[in-house]
Amino acid sequence: MGVNNSNHFGTCSYYTRMAAAEGCIGIAMTNSSAMMVPFGSNEPSLGTNPLSIAVPAGEGKDPVVLDMATSNVARGKIILAKTKGQAIPEGWAVTKDGEPTTDPIAALEGFLLPMGSKGSGLAIMVDILSGVLTGALFGKRVPRMYEDPEPQRIGHFFGVIKVGAFMDVEEFGSRIQEKIDETVNSKPAKGFDRVYMPGEIETLKMKRQLAEGIALSPAVFRDLEQTGHHYGVDIHSYL
C-alpha cells in the first residue's frame, strides 16, 4: 500500500510492530525532505528515508525489529546535540560547503551523509517506492519539515506478509527462534558483552523506561516546558 500527500509519521517501527502483533511481517518506509547528499555528491537530493521490518517471534515474545535511517545518523540526534550544546562525531554531516564538521549548528545548516554507497542506494530505492511510485513529492521537491512553510506532501510505502501463506505458523515460530538463538548465543567479538537481535536493545530500553520513567536533560525539559506553555499545557501536572 502507498500513501501520498503526507508528512512526518514518526518512527517506522510503530507501524511494523502493529503487523508483527497480528502475527504478520510488517514493512514500512518513507521518504523525507532532501537533507542528505547521495554518495559522491555535494548536492542534497535525498532524505534520511528510513525503513523498518518487523518479524513476529511467537506469542508472548518480542518481535525482531529493524528500524533504520539510510543516513549515518538520524537528523534528530544532531538537533538533540545542538540542544545539549554537544559536538557531534565526524562523519555524521558536512557543512553547506561540503566540509566535514563536528558542530551541530553547521551540520543542521549543511547536509547529512549517507551510510556509505549502500545507504545511498537504499535511500534512492526508498524514495522511488515511497515518492515516485505513490505520486508523492520526492527528491529535491520535498520541502524541509522545519524551515519551509508549505506541506511536505511526502509518501510512505507499507507491506504486510502473512506468514501462514508460506508455511505453518508454528513451524515458522520454531525456525525464527532457531535464528534468534544462533545469533544471540554466538561468541561476542572483543569489546562486546553479547550479541543482540535487531531492535532488541531498543525494546529493552523501552521496557525499562516504561517501568522507571524517561530521563531528560535540563535543555530538553526546558524545550518541553516552552512547547507546553505555547499550547496551554502545564506539563508539571503530568509529573
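General remarks:
- Length available on full extension from Arg194 to Lys96: 0.36 nm per residue minus the Cα-Cα distance, which gives 31.3 nm.
- In this simple spin-label approximation, Val220 and Gln177 carry label points 7 Å from Cα along the Cα→Cβ vector, and these lie 3.6 nm apart.
- Label-to-label distance, nm, for residues given as Glu212 and Asn5 (7 Å Cα→Cβ offset): 4.6 nm
- Sorting Ser13, Ser186, Ser217 from the fewest to the most surrounding beta carbons within 10 angstrom yields Ser186, Ser217, Ser13.
- Neighbour-count ranking [beta-carbon atoms within 10 angstrom, fewest first] of Cys12, Cys24: Cys24, Cys12
- Highest average packing first - 33-39, 97-103, Cβ atoms within 10 Å: 33-39, 97-103
- Each other residue within a Cβ distance under 14 Å of Val169 adds +1 if Lys or Arg and -1 if Asp or Glu, for a net charge of -2.
- Subtracting the Cα-Cα distance of Thr83 and Ile128 from 0.36 nm times their residue separation leaves 12.9 nm of extension gain.
- Partners for Lys179 among lysines (Cα-Cα distance below 30 Å; same-chain residues under 8 apart left out): Lys61, Lys118, Lys162, Lys187, Lys190, Lys205, Lys207
- From least to most packed, judged by other beta carbons within 10 angstrom and beginning with the fewest, Tyr231, Tyr196 follow the order Tyr231, Tyr196.
- Counting Cα-Cα pairs of the chain in 10 Å increments starting at 0 gives whole-percent bin shares of 7, 24, 31, 27, 9, 1.
- Rg(Cα)/(2.2 N^0.38 Å) for region 113-239, N = residue count: 1.56
- Once the chain from His229 to Ala165 is taken as fully extended at 0.36 nm per residue, the excess over their C-alpha distance is 17.9 nm.
All of the numbers you see were taken from the coordinates with simple rules; none came from a lab. Predicted, not measured: the structure shown is a model, and the values here were computed from it. Note that each Cβ is placed from the backbone with ideal geometry, even for glycine, and that neighbours are counted across all protein chains shown.
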